[in-house]
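The values are calculated or read from the model by the stated rules, or taken from the named source; none is laboratory data. All values reported here derive from a predicted model rather than from experimental measurement. Note: ideal-geometry Cβ built from the backbone for every residue, glycine included; neighbour counts use all protein chains shown. Quick note on the areas: whole protein, heavy atoms, side chains included, nothing else; ligands and nucleic acids left out. Shrake-Rupley method; radii C 1.70, N 1.55, O 1.52, S 1.80 Å.
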Number of protein chains: 2
Amino acid sequence: MEKPGSAARAVEQLRNAMINGELAPGTRLSETSLTGPLGVSRNTLREAFSTLIEEGLLVRQPHRGVFVASLSPAQIADIYRVRVLLECSALSQAPTDPPRAAGLRTAVDDAGRAADAGDWRAVGTANMHFHEQIVALAGSPRLDSWMRQLTAELRLAFVTAPDPEALHRPFVAMNDAITSTYEAGDAHRAADMLRDYLLTSERVVLGNLP
Amino acid sequence: MEKPGSAARAVEQLRNAMINGELAPGTRLSETSLTGPLGVSRNTLREAFSTLIEEGLLVRQPHRGVFVASLSPAQIADIYRVRVLLECSALSQAPTDPPRAAGLRTAVDDAGRAADAGDWRAVGTANMHFHEQIVALAGSPRLDSWMRQLTAELRLAFVTAPDPEALHRPFVAMNDAITSTYEAGDAHRAADMLRDYLLTSERVVLGNLP
DNA sequence: CACACAAGAGTTGTTGAACAATCTGGGGTT
DNA sequence: AACCCCAGATTGTTCAACAACTCTTGTGTG
């Protein structure tokens, strides 16, 4: 068993609070007023801030404080540009003989179950997991880490969306179709589908901003 | 003018010390014994460590200390896999009408001058700058940031090389050729050349490990 | 009324010290 | 040689204090 350590625990709590929407983008995180609820000292809290800043979930304005990151349309467009590059490359170069679709399939199934239950936040989580699994096909730990960072940041754009169902539902079926195409051995066609998928996803996300 | 702040200054000093080879990979950085030379307190030093760990230049072994990262052959192979993906994509999709080769050209010139002077460390710096400029063609701030991180880590593999000339000299001419091909408007051929370039570079780096 | 400016409060940046938790190395025992 | 235990050293964490900076407020001046 791992022993998280106070700093790592604070990081986890803050990250979950942001993903669950309890901390809206743009809100200021005061150091002194957070030491109490998190039960850590100011120094440890600053260390937790540092890692979250490196992950892009927080931004620091010197001598002014740290704020929950809020993505501009330009930043979202940048994220999708990178996603197209990473995911399509990984999928089109993935082995097809045999295909390694186990991770994709479980993510798709999770998304389907969550959609049936109407839990759109869980659908979003499963969808992000699906895309992380696509990048995992490249077999690069570094790309995996970067992709996790991308999905974490992108979720900040989800929590403020007024219509989460519109944001996540259309993509469950697309995930299934892409996975099936890849399982059938046609990685390049799956990658083409994925590219279209990402472009429409970008439009949907940009259309759901405040 | 910017006012770096103590933590940022310590980060800069440590990073330069690593790039210049004064801190060999694998050496242990004791907290107490570094507060003196850097003139910062232990807490500030730990914050500096945190950022360098996030950048991949240091690694922390819990309750044992922080060490200068040393790249395993597998990690170097991973870096080159990612470089091929990023750089070749950026170059093949770069605009050719007109080509935006100004940044590339200045980096090539810098490398040439440093090679004439026999300053191989400066040649390596200019070469890394060349590749950062290639990724910059994609126009993505995020990719720029990731690429800077890659080059910084890769330099850790350079400082221990027994023959720095063999590590950097062959690539000055190749940079020139790739830039000329791109300037002539053939981005795809330039990308193909770059791919071969990177594969041979990987072999050279792996052959120059301790 | 509009505006510049100074004082004040509040927050962040940094330091130093203290204590707990953990690793390291050596000595003794079997 | 293998094992156990202990002292020393180092890291992990917290606390308290002060300096540096920002923002707000209030005041005086034109």
Query raised in the report: Tell me, what HN-Hα J-couplings in whole Hz come from the Karplus equation 6.51 cos²θ - 1.76 cosθ + 1.60 at θ = phi - 60° for each residue of segment B:75-87, using x for Gly and Pro?
Result: 5, 5, 4, 5, 4, 5, 4, 5, 4, 4, 4, 5, 5
Query raised in the report: Tell me, what ³J(HN,Hα) does each residue in segment A:93-98 have, in order and in whole Hz, if you take phi through Karplus 6.51 cos²θ - 1.76 cosθ + 1.60 with θ = phi - 60° and put x for Gly and Pro?
Result: 9, 6, x, 10, 9, x
Report task. Order the following by accessible area, largest value first: A:125, B:151. Probe radius 1.4 Å; ligands, DNA and RNA are ignored. Result -> A:125, B:151
Query raised in the report: Short version: ³J(HN,Hα) in whole Hz for each residue of segment A:190-198, in order, from phi by Karplus 6.51 cos²θ - 1.76 cosθ + 1.60 (θ = phi - 60°), x for Gly and Pro, what are they?
Result: 4, 5, 5, 4, 5, 5, 4, 3, 5
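Does segment A:115-180 come out rounded, prolate or oblate, given a ≥ b ≥ c as the square roots of the eigenvalues of its C-alpha gyration tensor, rounded meaning a/c under 1.5 and, failing that, prolate meaning a/b above b/c?
Working: a/c = 2.84, a/b = 1.39, b/c = 2.04.
Oblate is the answer for segment A:115-180, as a/c is 1.5 or above yet b/c matches or exceeds a/b.
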**Report entry** Separation of alpha-carbon centers, segment A:83-145 and segment A:1-64, rounded to whole Å
**Finding:** 28 Å
Query raised in the report: Taking square-rooted eigenvalues a ≥ b ≥ c of the alpha carbon gyration tensor, is the protein assembly as shown rounded, prolate or oblate, where a/c under 1.5 means rounded and, failing that, a/b exceeding b/c means prolate?
Result: oblate
Query raised in the report: Which distances, in nm and shortest first, link the residue A:61 label point to the same label point in every other copy, taking 7 Å along Cα→Cβ?
Result: 4.3
